[in-house]
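The values are calculated or read from the model by the stated rules, or taken from the named source; none is laboratory data. Note that this is a predicted model, so its numbers are computed, not measured. Here Cβ is always computed from backbone atoms with ideal geometry, including for glycine, and neighbour counts include all displayed protein chains. Please note that ligands, DNA and RNA were not included when accessible areas were found on the heavy atoms of the full protein model with its side chains. Shrake-Rupley method; radii C 1.70, N 1.55, O 1.52, S 1.80 Å.
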Amino acid sequence: MEKEMALNDVVLSIRGLKKQFGNLEVLHGIDLDIIDGEQIAIIGPSGCGKSTFLRCINCMEDPSAGTIIFDGENLADMKVDINVHRQKIGMVFQQFNLFNNLTVLENITLAPITVAKKKISRFDRKGLAQIKKDAEEKAYALLRRIGLEEKANVYPSTLSGGQKQRIAIVRALAMDPKVILFDEPTSALDPEMVGEVLDLMRSLADEGMTMVIVTHEMGFAREAADRILFIDEGVIKEEGTPAEVFDNPQHPRLKDFLSKVL
């Protein structure tokens, strides 16, 4: 499942990325190019900086140093309007982060409607009605895809964990992102619910969605990823194809890690 890398296919280019919390430096200078259509799995021990790295990519955490080039702009530059670029960088969290006071349909359509409304006059009633109609049609199509169309008008509190996470993924897809970041998307799920979420992620991988996935699911990482990054102590200590990383690890720390998780 390897893909050839071409410079003009780079979606995100990260150089010298550092993150410091007070005196604690969590990321020590990460360099990474993410290729269009590539699926990257990030593995490593708890507390090694995996989730912090993901949150820095779309500036949910402000990087302390380094550059993150996306669509020709440096997201780490405080002068850049990060909210514009976040529209094309989806994020799926461990704890779903659905709005419990909104229905499933409202959760999915909130961002597309809000963004589209900014492009027309608030007095354009026809335009506003069309925006809502288009967003809802797309939301229903996405819900049909995951077999949850009948849940459109219920509230998240009535859903299982697996259903909530699939809704969260669909919410990200509703914005037509170039990249989706997944922060341990199955870690909060009961074991029997993990499969339905991984199946949806596999289907996205098969369709060529660019994904960066922090995961403890080693079997999924081996099967679905083009490239594995092993992060430890805030740096990428090894990277390669699943076969290279899992079957022929080189770094002693990676060997030790895999001996405990496989």
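General remarks:
- Förster radius 41 Å - calculated FRET efficiency between Ser46 and Asp71, Cβ distance, rounded to 0.05: 0.80
- Potential extension, Gln130-Val154 segment - 0.36 nm per residue separation minus Cα distance: 6.3 nm
- Protein accessible area in the chain, 1.4 Å probe - carbon and sulfur %: 49
- Estimated D of the chain in µm² per second, where Rh is the Kirkwood radius over Cα pairs and Stokes-Einstein applies at 4 °C, 1.567 mPa s: 67
- Loop-located GluC sites (Glu not before Pro) in the stretch 164-233 whose Cβ has at most 13 other Cβ within 10 Å (DSSP): Glu207
- Axis angle, to the nearest 10 degrees, between helix 252-261 and the longest C-alpha principal axis of the chain: 60 degrees.
- Longest exposed-site-free window of the chain, the sites being chymotrypsin sites (Phe, Trp or Tyr not before Pro) in a DSSP loop that have at most 14 other C-beta atoms within 10 Å: 124-262
- For Asn74, net neighbour charge (Lys/Arg +1, Asp/Glu -1) across residues whose Cβ lies under 14 Å away: -3
- Ligands, DNA and RNA excluded, the heavy atoms of Asp62 present near 80 Å² of accessible surface to a 1.4 Å solvent probe.
- Excluding same-chain neighbours fewer than eight residues apart, the lysines reachable from Lys79 by a Cα-Cα span under 20 Å are Lys18, Lys19, Lys88.
- Helix axis angle, 191-206 relative to the chain longest principal axis, alpha carbon, degrees: 90
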